[in-house]
Amino acid sequence: MRASLISAAFVAALVGYGSTIALVLAAAAAVGADEAQTASWVLAVCLSKAIGATILSVWHRVPVVLAWSTPGTALVAATSGLSMEMAVGAFVLTGLLIALTGLLRPLGQAVARIPDGIAGGMLAGVLLPFVLRGVGAAETAPLLVQPMLAVFALVRLKNPAVAVIAALAAGLALAFGTGQALWPALSLPLPRLVLIGPEFDAGTVVGLVIPLYLVTMASQNLPGFATMRAAGYEPPVRSGLGVTGILPALSAFFGAHTISMAAITAAICMGPDVHPVKEERWKVGLAYAAFWTLLGLFSPTILTLLAALPPQVMLALVGLALLGALTGALTTAMAVPEQRFAAVLTLGITAAGVPFLGVGAAFWGLVAGVALYLTERAARR
């Protein structure tokens with residue numbers, strides 16, 4: 001295997017893991033996962049991505065790169081009143097919905113009929129509080145967070161893909177170098193999958209499963225397929241949705257959340273620098289899977305190191321990691337003039353984070369936005 005294939009896969013895996021692992025930990029904490037369940041969550045989702053990338057790359061002979069659902073993870077972290085068992089039940093159902101979308105054409109068509117601006121407003125409402133908390137962390141720990149923000153901004157000018165990794169490195173160096181974090185006793189324990197029984201709750205189904213399904217489809221799967229098409233490959237839509245639905249439905253029993261087609265990290269693995277022969281680039285999917293397997297196996301050690309950091313560092317990392325997604329969501333929300341007001345209403349209700357009748361705010365933001373949009377459209381006729 002060419003060195004360029006391995007290096008591209010290594011960078012893609014490092015960017016995908018390092019830039020958003022803090023958000024996964026935030027989601028795990030929000031649902032009350034203990035240390036063993038959190039480690040199982042990370043291991044299971046890493047293995048799910050590795051297996052899926054291998055299956056699709058070998059099957060279709062195209063470079064398939066998978067990601068965990070970053071906006072979906074943010075949605076889990078923002079949803080109040082969830083237990084770990086309820087989250088597992090939501091992950092199972094979301095995976096099955098994604099798989100069914102690949103099998104049932106009407107379901108995909110129904111998703112496509114939701115106005116892009118409304119979907120963008122819902123996603124922006126989910127992400128905005130995390131970005132605000134990340135920036136706000138500079139108030140309580142300015143000597144840690146402000147240099148991280150500066151490093152992020154400077155590195156992003158040259159290479160946006162590694163800007164969050166650079167901010168993480170700066171945060172680690174400052175926290176341990178100034179004594180604000182104590183270096184933990186690191187070991188190499190073998191990770192272990194922990195079986196977690198799902199709990200299915202009607203409020204969770206409406207308030208989390210539907211928004212989680214929509215943000216995964218709209219903000220990651222669809223852009224992921226578009227990235228493949230832009231690189232000159234025919235995306236495996238039906239099998240891609242099947243694999244990224246069935247695998248999470250199974251790995252959810254060990255805590256893992258949804259996975260999806262990758263967009264940003266996929267672009268790293270599909271250019272001519274990876275391999276001059278386009279038909280040979282599919283092998284990058286195998287190297288990518290190998291790196292994600294290693295990241296999963298070493299996750300207990302990595303999580304121990306991150307747990308030693310001050311909470312402000314983790315808040316800042318989450319906020320920085322979501323800036324790009326928030327930018328894209330706001331751009332989509334404001335793109336169509338006829339949808340803007342409804343999109344802003346959706347954003348406001350979702351960002352408020354106030355559940356109603358046991359159902360999360362993201363669902364009610366979506367309902368209110370669609371209702372207002374349909375009312376305004378009928379009035380214009």
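Annotations
- Residues of segment 345-363 that turn out to be surrounded by 24 or more Cβ atoms within 10 Å (Cβ to Cβ) and modelled with pLDDT of 90 or more, as a count: 2
- Restricting segment 232-267 to residues that are more than 15 Å from Val194 (Cα to Cα) and assigned to a loop (DSSP other than H, G, I, E, B), the residue that is modelled with the lowest pLDDT: Ala263
- Complete set of residues in segment 13-50 that are in contact with a strand residue (DSSP E or B) (Cβ under 8 Å, 6 or more places away or on another chain), of a type outside the set (Lys, Arg) and part of a helix (DSSP H, G or I): Gly16, Val24, Val45, Ser48
Conditions (1) closer than 22 Å to Met261 by Cβ; (2) in contact with a His (Cβ under 9 Å, 6 or more places away or on another chain), marked per residue:
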site: Ala67; (1), (2): yes, no
site: Val76; (1), (2): yes, yes
site: Ser83; (1), (2): no, no
site: Phe91; (1), (2): yes, yes
site: Leu97; (1), (2): yes, no
site: Gly102; (1), (2): yes, no
site: Val135; (1), (2): no, no
site: Ala150; (1), (2): no, no
site: Val155; (1), (2): no, no
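- Cβ-Cβ distances below 9 Å connect the following pairs, each with a first residue in segment 178-207 that is farther than 30 Å from Leu357 by Cβ, a second residue that is of a type in the set (Phe, Trp, Tyr) and crowded, with 17+ Cβ neighbours inside 10 Å, and a separation of six or more residues or different chains: Leu193/Phe253; Leu193/Phe254; Val194/Trp41; Val194/Phe254; Leu195/Phe253; Leu195/Phe254.
- Pick from segment 245-267, criterion of a type outside the set (Gly, Ala, Ser) and surrounded by fewer than 24 Cβ atoms within 10 Å (Cβ to Cβ), ranking: nearest to Gly89 (Cα to Cα): Phe253
- Identity of the residue in segment 35-49, surrounded by fewer than 24 Cβ atoms within 10 Å (Cβ to Cβ) and in contact with a Gly (Cβ under 9 Å, 6 or more places away or on another chain), that ends up farthest from Ala290 (Cα to Cα): Gln37
- Pairs meeting the criteria (first residue in segment 131-142 and buried (at least 20 other Cβ atoms within 10 Å of the Cβ), second residue β-branched (Val, Ile, Thr), beta carbons under 7 Å, at least 6 apart or on different chains) are Gly134/Val318; Ala137/Val145.
- Any hit, segment 269-278, residues being buried (at least 24 other Cβ atoms within 10 Å of the Cβ), at pLDDT 90 or above and either out of contact with any helix residue (DSSP H, G or I) (no Cβ under 8 Å at 6 or more places or on another chain) or farther than 22 Å from Phe152 by Cβ (or both): no
- Qualifying residue in segment 94-108 (condition: in a helix (DSSP H, G or I), modelled with pLDDT under 85 and either in contact with a helix residue (DSSP H, G or I) (Cβ under 7 Å, 6 or more places away or on another chain) or crowded, with 21+ Cβ neighbours inside 10 Å (or both)): yes
- Tabulated pairs, segment 98-120, first of a type in the set (A, V, I, L, M), second at pLDDT below 75 and in a helix (DSSP H, G or I), C-beta under 8 angstrom, 6+ apart or interchain: Leu100/Leu107
- Filter result for Gly324 (outside any helix (DSSP H, G or I), among the small types (Gly, Ala, Ser) and at pLDDT below 90): no
- If you go through segment 51-76 and keep only what is part of a helix (DSSP H, G or I), hydrophobic (A, V, I, L, M, F, W, C) and buried (at least 24 other Cβ atoms within 10 Å of the Cβ), you end up with Ala53, Leu56, Ala74, Leu75, Val76.
- Failed item, numbered, when Leu157 is tested on (1) at pLDDT 90 or above; (2) surrounded by 19 or more Cβ atoms within 10 Å (Cβ to Cβ): (2)
- Options Ala342, Ala321: the member that is crowded, with 18+ Cβ neighbours inside 10 Å, in contact (Cβ under 8 Å) with a residue 60 or more places away in the chain and over 21 Å from Leu66 (Cα atoms): Ala342
- Residue in segment 281-291 that is over 16 Å from Thr20 (Cα atoms) and modelled with pLDDT under 90 present: yes
- The single condition among (1) more than 17 Å from Ser19 (Cα to Cα); (2) part of a helix (DSSP H, G or I) that Arg192 does not satisfy is (2).
- Which numbered condition Phe356 misses (of (1) free of Cβ contacts under 8 Å to residues at least 40 places away in the same chain; (2) over 21 Å from Met86 (Cα atoms); (3) not β-branched (Val, Ile, Thr)): (2)
The values are calculated or read from the model by the stated rules, or taken from the named source; none is laboratory data. A quick note: this is a predicted structure, and the numbers were derived from the prediction, not measured. All Cβ positions, glycine included, derive from the backbone under ideal geometry; neighbour counts span all protein chains shown.
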